[in-house]
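Presented below is the structure to which this report refers.
The values are calculated or read from the model by the stated rules, or taken from the named source; none is laboratory data. What you are looking at is a predicted structure, and each value in this text was computed from that prediction instead of being measured. When we count neighbours, we look across all protein chains shown, and the Cβ atoms used for this are built from the backbone with ideal geometry, even at glycine.
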Amino acid sequence: MALQLKTWRKNWSLMSSLFDSEEIELIKGRLMKIKPKNILYCSFENRFARSGGLAAVTINILPYLQEAGKSINAYLLTPFYSNIIDQKKLKSTDKSCTVPFDGQNIDVEIYTNKVEYERPAKEQLDEYYIKAAGFFEARNSLNDPYIHEGCEPHQNANEITRDSLFYCAAAPYVLKELNIRSNVVFHLQEWQTALISLTAKESMLQGILESCGTVQTMHNPYDSFISLESLSKIADNKRISKMASISDNGMTAYQIGLQLVDGPVDTVSENFAKEFTTDILHTEHFAPHLQPIFNTNGVYGIANGMFISFSPEFPQKEKHTRDEIWVVKSRNRKSLLEVLKSYNPPQRFGELTYKGGPITKLPENIPIFVMSGRLDPVQKGYDIFLRAVEKFEKDKIKVVVTPMPVRQSDLDIFHEAAEKCNGNLTVFPIRMEKGFRELQTGSTYGMMPSVYEPFGAAVEYMANGTVNIARATGGLVDQIENNKSGLLYRENNIFYTADSIRQFSDSQNDVVLRKDMPWVQSMVDELYEIMVYAITLYQNDRNKYLDIIRNGFKKAASFTWDKNVKDHLGMYKKISNGFV
């Protein structure tokens, strides 16, 4: 569906509160002359420091942005995490700058990573890494840029907020040093970069940059409160005084950023964009404070492209016959069973057997379910899946899960489930050094029981010829047409209330507390029922199962970075023409 931006207009209400008429005229004049030439993709995640899907987006989208027009230069602007990134992997630009922050002048070094890419053309682009002593000091075994090992949650959040404020203050100074001063579009990713919509305007008023505009992509609803005291680290007394007249204490990063952004706000799927203003998970739990902004300015859905290529075993995608697909799936299944028999890293626990014997003897009609990804107790639904798995008799199904835990205690429920499901369930709580491809290509079903999902990895399973089972939420609804390109389910809506969501979220540190929650039980029950249906489908209606795989190829192929970039170029143009 084409992106509908015709009715979008800038909302200058917060601008009018923070900037005087003379400042607004200067800013407006600069914005109206912008031609989207230098696209600065602003992200706290990068190829070396990853958390969710944002890192994959940064890796995939930039080459397509750069190739979208002869005059476009695409860059990544991201923090240098000294405890995560090996400095030897980067090259110094021999450029540095001084950034005023919290009454001090902070020295910043600028590093680069020149990326060679093959698609959509053979070229290279620059990733820029901001290094400053005392900032971006995340440290953890997952190389996650949002986790400061040893910090309790409140302290960890404060560290991220401080890093965010500094990054947003530094961005214009870094660009000035790189001599990228005009026709700049800051493409902001997540709340950590949102306040560039403020610092970019200040940079034009101060002559640091000549012309720069901002657009914002929200991959998640997460936000952070910015007190007036914190904001004073990057804003002068004049701006803080004006902000104080609006709010006694402060606002969140998005409350400020989304009202100062110069183009439309988007998220990563059409259905997730709708949910921001219609789903109580957002309207009453995550983002009630943003509803006035969403309802005034709108949120637009621009789907991601594919993060991986199609399996080389399916070069014709949806043109394969059923028999061809079945031959490949059977071969991949055998490879997977060999991996599950032989790959036994020390972290693995839980046995996979068949009638007490080796898993390689598993009959072809017994389905294999796989669930992979980070272990987020609020979002991903691992505990829901485990409880559904526990309902099955021995040898009815086989299950492989690959959770990525932040704390080892998060694995307690997996150990318990592995004991209850002895022979049916195995757990790889690591980044698998081998076998992950076999998991994606050889499994019968890929599981996504997400409580919410902005975009999700359904297309990855599709591209590998594996059928998805997913809760009907967010981007999964855009990717999966029930009983056609995958299987969708949803619990009874009577249990889906703001109180249920709050209780669920509050129990993230002890998911055992969820066992008596009606909403959770309903999710478990419906997931179990769809799994029972999936087993029957696989065992008794092979043609339909194979048709779902074939339709999945077709659906996955519709998610392209070319389309994503085309839609974002339309957003960039609104920076200069969204005034009328």
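Here is how the numbers come out for the structure above:
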item: From Phe307, Phe272, residue being closer than 28 Å to Glu460 by Cβ, crowded, with 17+ Cβ neighbours inside 10 Å and modelled with pLDDT of 95 or more; result: Phe272
item: Conditions (1) free of Cβ contacts under 8 Å to residues at least 40 places away in the same chain; (2) more than 30 Å from Asp499 (Cβ to Cβ); number of the one not met by Thr283; result: (2)
item: Condition check for Leu40: touching a Leu at 6+ places or on another chain (Cβ under 7 Å), of a type in the set (A, V, I, L, M, F, W, C) and surrounded by fewer than 18 Cβ atoms within 10 Å (Cβ to Cβ); result: no
item: Any hit, segment 222-230, residues being at pLDDT 95 or above, acidic (Asp, Glu), in the same structural domain as Ala138 (by TED's automatic domain parsing) and surrounded by fewer than 16 Cβ atoms within 10 Å (Cβ to Cβ); result: yes
item: Matching residues in segment 84-125 - criterion: being exposed (fewer than 13 other Cβ atoms within 10 Å of the Cβ) and part of a loop (DSSP other than H, G, I, E, B); result: Asp86, Gly103, Glu118, Arg119, Ala121, Lys122
item: Verdict on Asn237 being without any contact (Cβ under 8 Å) to a residue 24 or more places away in the chain and at negative phi; result: yes
item: Some residue of segment 252-265 being part of a helix (DSSP H, G or I), of a type in the set (Gly, Ala, Ser) and buried (at least 23 other Cβ atoms within 10 Å of the Cβ); result: yes
item: Search result, residues across segment 126-146 that are surrounded by 20 or more Cβ atoms within 10 Å (Cβ to Cβ) and within 19 Å of the chain's Cα centre (by Cα); result: Ala138, Asp144, Pro145, Tyr146
item: Within segment 474-489, tally of residues that are buried (at least 23 other Cβ atoms within 10 Å of the Cβ) and among the hydroxyl-bearing types (Ser, Thr, Tyr); result: 1
item: Boolean, Leu77 is surrounded by 15 or more Cβ atoms within 10 Å (Cβ to Cβ), assigned to a strand (DSSP E or B) and in contact (Cβ under 8 Å) with a residue 24 or more places away in the chain; result: yes
item: Any hit, segment 332-353, residues being surrounded by 17 or more Cβ atoms within 10 Å (Cβ to Cβ), farther than 30 Å from Thr277 by Cα and modelled with pLDDT under 95; result: no
